[in-house]
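What follows is a single structure, written as structure tokens, with notes after it.
The values are calculated or read from the model by the stated rules, or taken from the named source; none is laboratory data. The model shown is predicted, which means the values in this text are computed figures rather than measured ones. Backbone-built Cβ (ideal geometry, glycine too); neighbour counts: all protein chains shown.
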């Protein structure tokens, strides 16, 4: 009697669960391995702010002027996250992402990313101005919109999709963002103090370029954190592994 053939069972995706420590540790590793690409993209997002601050040299812009200069960076931050999503997911799969393909995939989705970024920024900004707490809640609920636009062929509003992935971890996500922003504030304050001493409080074009570096570093790292968080929440809630997520790019 011939032994019956053994049919291999289909592999079962390894489900990973979101924790703040896991998200930050993986994000730091990926960020450091791809720092030139991520930082370069983040610096491009700061070009409008750099131009506006240079135009105001010699004058004292009011609070409204400062907000206006920073708004393009806030808007483009969503696009930066979209641009690095492919690279983040490829790194999580253990593969070296192509810089050309990373940028190509991001630019392919530029239109949907820009539309999503503009509407999301305006909605969160309005909520923060009118009612601070709902604005903070909305920013947590919708923090995954950029990875969703790039990694999913979704017909629904990406904000609705993001809202289905974040429940159960919104307190942790809020805490994670607080840690990121506090860390950035401490680093940036020390950095700006050193630059002020070096430049003797004189505002110059070179100085305006240098002071954008901490913000660009923070933006690039946060973009990676959002990509990693997106993967971990999809893995936990939907049992999706990273190979399935990256299949959409093949």
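Within the range 150-163, if we keep just the residues that are without any contact (Cβ under 8 Å) to a residue 60 or more places away in the chain and either part of a helix (DSSP H, G or I) or in contact with a strand residue (DSSP E or B) (Cβ under 7 Å, 6 or more places away or on another chain) (or both), the residue that is nearest to residue 232 (Cα to Cα) turns out to be 162. Taking every residue in the range 121-140 that is over 22 Å from residue 172 (Cα atoms) and pairing it with any residue that is modelled with pLDDT of 90 or more, at least 6 positions away or on another chain, the pairs with Cβ-Cβ distances below 9 Å are 123/138; 123/142; 123/159. Within the range 128-144, which residues are loosely packed, with under 15 Cβ neighbours inside 10 Å and part of a loop (DSSP other than H, G, I, E, B)? Within the range 128-144, 131 is the sole residue that qualifies. As a summary of the residue check, residue 161 satisfies the conditions (1) modelled with pLDDT of 90 or more; (2) closer than 20 Å to residue 84 by Cα; (3) under 16 Å from the mean Cα position of the chain (by Cα) except for the one numbered (3).
Filtering 183, 227 for residues that are modelled with pLDDT of 90 or more, at negative phi, assigned to a helix (DSSP H, G or I) and surrounded by fewer than 18 Cβ atoms within 10 Å (Cβ to Cβ) leaves a single hit, 183. From 147, 167, grab the single residue that is part of a loop (DSSP other than H, G, I, E, B), at pLDDT below 95 and on the phi < 0 side of the Ramachandran plot. Result of the check over 147, 167: 167. Restricted to helices (runs of 4 or more DSSP H) entirely inside the range 5-119, those with at least 2 residues that are at pLDDT 80 or above are 20-33, 35-45, 63-92, 99-108.
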